[in-house]
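Below is one structure, written out as structure tokens, with a few remarks after it.
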Amino acid sequence: MIEFRSVTKKYPDGTRAVDDFSLVLPSRKTTVFVGSSGCGKTTLLRMVNRMIDPTAGTITIDDEDISTLAPVALRRRIGYVMQNSGLLPHRKVVDNVATVPMLNGVTKSVARANALALLDTVGLDRSLADRYPSQLSGGQQQRVGVARGLAADPNILLMDEPFGAVDPIVRSELQQELIRLQRELDKTIVFVTHDIDEAFLLGHQVVILRKGGHIEQVGSPTEILANPANEFVASFIGADRGKRVLHLDESSDRRVVLDGDGRPAGVLAP
Ligand SMILES: Nc1ncnc2c1ncn2[C@@H]1O[C@H](COP(=O)(O)OP(=O)(O)OP(=O)(O)O)[C@@H](O)[C@H]1O
């Protein structure tokens, strides 16, 4: 369990990126921070592995105050996946994945063998192991980024807009893959996005944020969709435009679900 208690981050220039933020992120669940640009999502995420330290307040992991832990050691036991994969360009795929375990003291041969197994886990062919990142597609690079984030077998995986830079079809594949991985691996995932559809798809707990890391609403996708807390949330999730209000068309022999604009969204199983 990760807990933020009255956490504030004020940057040296005076910007209050996060202002008195408190929240519990349950273990083995995916919590998604969603909100528009500049609302403090990345700052919140990076405070979990001490890439950024809060100005006030405390963050605990399983009741341990992380300010008492050495940042480098903490970072090596928390997976981190970022938007542009962050792979080292001059290292082969397999070595990108094996780096952190080797820094943690795992021998090269074991780290490489584990890295190959992780390529299977994220749905990549092992034949790509000896390529350099530039020889992969954007989607493949992101998969390697996820494999690298998992390499030290962390309990916690931080993901900062990891699928933001790939096309919609690949993005959808990566999202499905992450849902599968979460079921299989049972990690505590903290995921940042500005895309509410992605947040609802991936999040067990969705946190809708406004400037300064202010929580507008927190809940499961179902809770938020059924009861948006205020007009800001209603507008953010598209409820005000009727986008998410679905209708049933039973005029034919099949029951067709229509979205707010009358477009078919799916067919109900008989
Ligand atoms: N190093 C910094 N110095 C000063 N201000 C910063 C710094 N980093 C971020 N900020 C400011 O803090 C606020 C929150 O930034 P943050 O990157 O956490 O937002 P975000 O929600 O992740 O945005 P985006 O979706 O654009 O990545 C913004 O106003 C940003 O300009």
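General observations
- Cα-Cα pairs of the stretch 87-143 separated by more than 12 Å (percent): 62
- For the stretch 2-240, size of Cβ-based charge dipole, Lys and Arg +1, Asp and Glu -1, in debye: 880
- Share of pairwise Cα separations in the stretch 119-184, more than 18 Å, in percent: 33
- Taken as Cα centroids, the stretch 1-37 and the stretch 39-75 sit 10 Å apart, rounded to the nearest whole angstrom.
- Pair ASP261, ASP63: separation of 7 Å Cα→Cβ label points (nm): 5.2
- Along principal axes, Cα extents of the chain, largest first, whole Å: 64, 47, 31
- Here the simple spin-label model places points 7 Å from the Cα toward Cβ, and for ASP13 and ARG210 these points are separated by 2.4 nm.
- Only lysine pairs 8 or more places apart, or on different chains, with alpha-carbon atoms under 21 angstrom apart are counted in the chain, and they number 9.
- Inter-centroid distance (Cα atoms) of the stretch 121-147 relative to the stretch 245-261, Å: 41
- Helix-only arithmetic for the chain: the sum of -39500 (n - 2.57) across DSSP H runs with n ≥ 4, divided by the residue total, places the mean residue ellipticity at 222 nm at -9500 deg cm²/dmol.
- Among residues other than ARG180 with Cβ under 14 Å from its Cβ, the summed charge is -2 (Lys and Arg +1, Asp and Glu -1).
Readers should treat all values here as calculations from the given coordinates under stated rules, not as data from a laboratory. This one's a predicted model, so the numbers in the text were calculated from it and none came from an experiment. For neighbour counting, all protein chains shown are included, and Cβ atoms are generated from backbone atoms with ideal geometry for every residue, glycine included.
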